[in-house]
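Asker: The structure follows.
Bear in mind that the values in this text are calculations on the coordinates, not laboratory data. Since we're looking at a predicted model, the values are computed, not measured. Reconstructed Cβ throughout: ideal geometry from the backbone, glycine too, with neighbour counts over all protein chains shown.
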Amino acid sequence: MPNLSTHLKLGVFTYPVFVLVYSLIVNAAGKSFTATVIDLSIGYVFYVFGSDLPDLDSNSAPLRTFIKALSLGFAIYIFYSFIYEKFSTIVVIPKILLIPISISVAMLIGAAVVNLFLSLSLFSHRGFAHSITFAAIYGLMLYLFSYQMSDIPLFIGISGFCGVMIHMTADYYKKPLKIFKLK
Ligand SMILES: [Zn+2]
């Protein structure tokens, strides 16, 4: 079983290849690949994050803790605006504290959701998090959430999906059919 370092290196070094393949496919479809430097950078982050994400079901505590901590960044992205808006109507909170308080509450909600998910038996080692369905859900979430930051959310979504699939390939290259297992 490849360790964290191997998975990370694979994610880092295969990203340019992924971008090449993606742009070739886009060109073959008669369109031009129009990624900005922001798209390429965001795509990279989610690709490399994805290349290690499935091992959040691993017993390796540091990795699990690291992924949980990083995932709170998503929680801020998803919940922050809503919480900030609600809290700004509460007059007793001084304005200067609104941002840090809203960030903290978004992270708390995120931590609760992540812990709840990980406690499900679904997340036994090499279970659901090691499946093409998980890769597709991760890609779809990125696609939906990157609408506001990118003109090509599909690229961001597919970056994440392929990052997870690179992980699956490294874990299951001896049993290639398992790379595409559904659950
Ligand atoms: Zn794995």
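Asker: Charges at C-beta only: +1 for Lys and Arg, -1 for Asp and Glu. How large is the resulting dipole of the chain about its Cα centre, in Debye rounded to 20? List each step's numbers first, then the result.
Answerer: Values: 12 positive and 7 negative charges, 87 e Å.
Computed about the Cα centre, the dipole is about 420 debye.
Asker: Something else: Along the positive direction of the dipole of the chain (beta-carbon charges: Lys, Arg +1; Asp, Glu -1; about the Cα centre), which of Ser124, Gly139, Gly110 reaches farthest?
Answerer: It is Ser124.
Asker: Under a point spin-label approximation (7 Å from Cα along Cα-to-Cβ), what is the Thr133-Leu154 distance to one decimal in nm?
Answerer: Here the answer is 2.6 nm between the modelled labels.
Asker: Here's something else I'd like to know. For Tyr77 paired with Phe13, estimate the spin-label separation in nm (one decimal), with each label point 7 Å from Cα along the Cα-to-Cβ line.
Answerer: Here the modelled spin labels are 2.7 nm apart.
Asker: Moving to a separate point now. Multiplying the sequence separation of Phe66 and Ala28 by 0.36 nm and subtracting their Cα-Cα distance, what value in nm do you get?
Answerer: Numbers: separation 38, 0.36 × 38 = 13.68 nm, distance 3.89 nm.
Length difference between fully extended and current span is 9.8 nm.
Asker: Shifting gears a bit: Roughly how tilted is helix 153-172, in degrees to the nearest 10 and between 0 and 90, from the longest Cα axis of the chain?
Answerer: The two axes meet at around 60 degrees.
Asker: Ok, one more. Using the Karplus curve 6.51 cos²θ - 1.76 cosθ + 1.60 with θ = phi - 60°, work out ³J(HN,Hα) for each residue of region 126-132 in order, rounded to whole Hz, and write x for Gly and Pro.
Answerer: Working through the residues one at a time gives 6, x, 4, 5, 9, 8, 5 Hz.
Asker: Additional query: Cα convex hull of region 61-123: mean projected area in nm², to one decimal? Mind dumping the intermediate values first?
Answerer: Numbers: hull surface 19.5 nm².
Here the figure is 4.9 nm², rounded to one decimal.
Asker: Using only Cα atoms, find the angle between the long axis of helix 95-119 and the longest principal axis of the chain, and express it within 0 to 90 degrees, rounded to the nearest 10.
Answerer: Taking the Cα atoms of the chain, the angle to 95-119 is about 50 degrees.
Asker: Using a Förster distance of 35 Å, how high is the FRET efficiency between Lys178 and Ser104, based on the Cβ-Cβ distance and rounded to 0.05? List each step's numbers first, then the result.
Answerer: Numbers: r = 40 Å, r/R0 = 1.16.
Step by step, r from the Cβ atoms, then E = 0.30.
Asker: Report the convex hull volume per residue for the chain, counting only C-alpha atoms, in Å³.
Answerer: Numbers: hull volume 24.6 nm³, N = 183.
Measuring per residue, one finds 134 Å³ for the Cα hull of the chain.
Asker: Along the charge dipole of the chain, which of Ser88, Asn3, Phe161 sits closest to the positive end, that is, farthest toward it, with unit charges on the beta carbon of Lys, Arg, Asp and Glu (+1, +1, -1, -1)?
Answerer: My answer, from the dipole projection, is Asn3.
Asker: Ok, one more. Be a star and scan region 133-177 for residues whose amide nitrogen sits under 20 Å from the point 7 Å along the Cα-to-Cβ vector of Ser5.
Answerer: 167, 170-171
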